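Accompanying notes for the structure given below.
The values are calculated or read from the model by the stated rules, or taken from the named source; none is laboratory data. Bear in mind the structure is a predicted one, so any value in this text is a computation, not a measurement. Cβ sites come from the backbone with ideal geometry, for glycine too, and all protein chains shown count toward neighbours. Please note that ligands, DNA and RNA were not included when accessible areas were found on the heavy atoms of the full protein model with its side chains. Shrake-Rupley method; radii C 1.70, N 1.55, O 1.52, S 1.80 Å.
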Amino acid sequence: MLAAIAAGGALGACARYGATLIWPTAPTAFPWTTFWINVTGCAAMGILMVLITERLTVHPLTRPFLGTGVLGGYTTFSTATLDTRHLLDHGRPAAGLLYAAATLLAAVAAVWAAAAATRLAVTRLAVPARTDAERGRP
């Protein structure tokens, strides 16, 4: 399991790093790249969790590899915290507080909206829901 998480984490971290190279942020600018990395990663987590916990039967290492590994390595809430501090330290308290609040709210909204949209989509596509027994629940 640890190898699956590590391999996924390496892929996710590389994707995040690549995004920061493609869309760099100036030192005192609003950190849009980190913001969108976190929002898209949370949306992907909402989709993933609906599919692998409610609809599909997958290999036991799928969730640790994709969820904890890839998406855990891709999202970067520690960097969001540092970005907030950087804005505050550079005399931009309003931007820093806005960034901190917007990141949290957008991330939670992304998980919820993506999960809801995925449930709707799989219901319309007639993907059968897993039973409690298939989920490992009595």
Exercise for review: Identify all residues within region 72-116 that are open to solvent by less than 80 Å² (accessible area, probe 1.4 Å), over 23 Å from I5 (Cα atoms) and β-branched (V, I, T); write none if there are none.
Suggested key: T84, T103
**Study point:** Conditions (1) under 27 Å from L120 (Cβ atoms); (2) of a type in the set (D, E); (3) open to solvent by 70 Å² or more (accessible area, probe 1.4 Å): number failed by E54
**Key:** (3)
Check your understanding: Restricting attention to region 10-48, which residues are open to solvent by 40 Å² or more (accessible area, probe 1.4 Å) and under 19 Å from A116 (Cα atoms)?
Key -> T40, M45, I47
**Study point:** Tally of residues being at pLDDT below 95 and touching a Cys at 6+ places or on another chain (Cβ under 9 Å) across region 35-72
**Key:** 0
Review point. Does region 29-49 contain any residue that is farther than 20 Å from A106 by Cβ and among the aliphatic types (A, V, I, L, M)?
Key: no
